[in-house]
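Inspection log for the structure reproduced underneath, given as structure tokens.
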Protein chains: 2
Amino acid sequence: MKQGLLTDRQKEVLRYRKKGLTQQQIAEIIHTSKANVCTIEKAALENISRARETLEFLYTLDAAHLCTLQSGLDLLKAPDIIYAEAEKMGVKVKYDTISLINRLRDANPDRFRSRQVREDVEIYINNDGDLYFG
Amino acid sequence: MKQGLLTDRQKEVLRYRKKGLTQQQIAEIIHTSKANVCTIEKAALENISRARETLEFLYTLDAAHLCTLQSGLDLLKAPDIIYAEAEKMGVKVKYDTISLINRLRDANPDRFRSRQVREDVEIYINNDGDLYFG
DNA sequence: GGTGAGTTAAGGAAAAGTGTTTAAATTTAA
DNA sequence: TTAAATTTAAACACTTTTCCTTAACTCACC
């Protein structure tokens, strides 16, 4: 009923790929053509993208754009910016300074290496003071 | 191409619902029956569940089972257990003690109320030292 | 040039998903 | 207990997805 997007065939191919097998090798194992393995793998990755995008929609559903953290910003200055913007909107941020920094860093490690923001990050907030990023 | 799972109709209904409208009210706005609004909304929620489950599969794909945190365990004792098991597997956990506890608590608030583990939690780890729960 | 790995295109058949209606059943709230 | 709100079931047309084949194609490498 509440089954995932990936078909058994797609999961099968992804598992073998994770093990490092080539499409040709997988084709022999599951008795089909390598072209078909390629198609199935591609469909699987497509489905994963769709799953991601689906959940992202949820955030925009109940969250409003709060501010943008500019590339180059010191991560430790982010909380004050966020608090100020949230106050303008009359919303109380759910996180204290420490956990806010943790939240930022954990949510997207690639964009918060060390103490610097490496690329622009959009901040969204909902009525509960929860933060989301895009 | 890489569109999300939710159809325009489904997003429409979810937005109106978020605003607090009843199915009857929405039915009038989008010119259909209230039963249909119900079906569409249900399909939307179903799709969201499927998106979640799809992404969960990814975690189990490249993560190996590390250990089980038994119900009743003191949350503060979890890090040592996890570090020990990871060392056995030759993997370095990505989190220090504090952030590991934060990660545990944040990932599943229902199962980590106060300082106690309320039900068994399976811990998975991948080669990067990332942790996942199931 | 030849080889191995991967991708793309065209086409087809079976399966699954979507929006819809109608009608009945159930839950929730005044 | 009524009334409103929500859910469920069955059925239908329609579209999309999936898996499959065959054949041609790119790309990197020796």
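No value in this document is a laboratory result; all are computed from the given coordinates. Since the structure is predicted, the reported quantities are computational estimates derived from the model, not experimental observations. Glycine also receives a Cβ, built like all others from the backbone with ideal geometry; neighbour counts cover every protein chain displayed.
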| How big is the Kirkwood radius of the protein assembly as shown, worked out from every pair of different alpha carbons and given in Å to one decimal? | 21.5 Å
| field | Taking the C-alpha atoms of the range B:31-80, convex hull volume expressed per residue in Å³ | value | 141 Å³
| note | Phi angles of the range A:4-10, converted by Karplus (6.51 cos²θ - 1.76 cosθ + 1.60, θ = phi - 60°) into ³J(HN,Hα) in whole Hz with x for Gly and Pro, give x, 6, 6, 6, 4, 4, 5
| query | For the range B:8-58, treating each Cα as an identical point scatterer without solvent, what Debye log10 I(q)/I(0) comes out at q = 0.31 1/Å? | reply | -1.16
| What's the angle, to the nearest 10 degrees (0 to 90), between helix A:34-62's Cα axis and the longest principal axis of chain A? | 20 degrees
| Mind listing which trypsin sites (Lys or Arg not before Pro) in the range A:5-46 are in a DSSP loop and have 14 or fewer other Cβ atoms within 10 Å? | A:19
| Where does the charge balance sit around residue A:129 when Lys and Arg score +1, Asp and Glu -1, over other residues with C-beta under 9 Å from its C-beta? | 0
| message | Tell me the net charge near residue B:62. Cut-off is 12 Å between Cβ atoms, residue B:62 excluded, with +1 for each Lys or Arg and -1 for each Asp or Glu. | response | +2
| query | Using a basic spin-label model with each label point 7 Å from the Cα along Cα→Cβ, how many nm lie between residue B:127 and residue A:38? | reply | 2.5 nm
| remark: Checked against a 26 Å limit on the C-alpha separation, the offending pairs among A:92/B:18; B:18/B:42; A:92/B:77; A:18/B:88; A:92/B:19; A:19/B:94 are A:92/B:77
| query | Between residue B:66 and residues 5 or more places away or on another chain, which pairs have amide H atoms under 5 Å apart, with H built 1.01 Å from N, and which residues are they? | reply | B:123, B:124, B:125
| q = 0.21 Å⁻¹, the range B:64-133: log10 I(q)/I(0) [Debye, one scatterer per Cα] | -0.81
| request: Just tell me how shielded B:40-53 is by partners: mean number of partner chain Cβ atoms within 10 Å of each residue's Cβ, no decimals. | output: 4
| Hey, what angle do you get for helix A:78-88 against the long axis of chain A, alpha-carbon based, 0 to 90 degrees rounded to 10? | 70 degrees
| query | Placing +1 at every Lys and Arg Cβ and -1 at every Asp and Glu Cβ, with all other atoms neutral, what dipole size does the range A:63-133 have around its Cα centre, in debye to the nearest 20? | reply | 180 debye
| What value, in deg cm²/dmol to 500, does the helix sum -39500 (n - 2.57) over DSSP H runs of n ≥ 4 give at 222 nm once divided by the residues of chain B? | -16500 deg cm²/dmol
| q = 0.09, 0.17 Å⁻¹: log10 I(q)/I(0) that the Debye formula gives for chain B, counting C-alpha atoms only | -0.44, -0.86
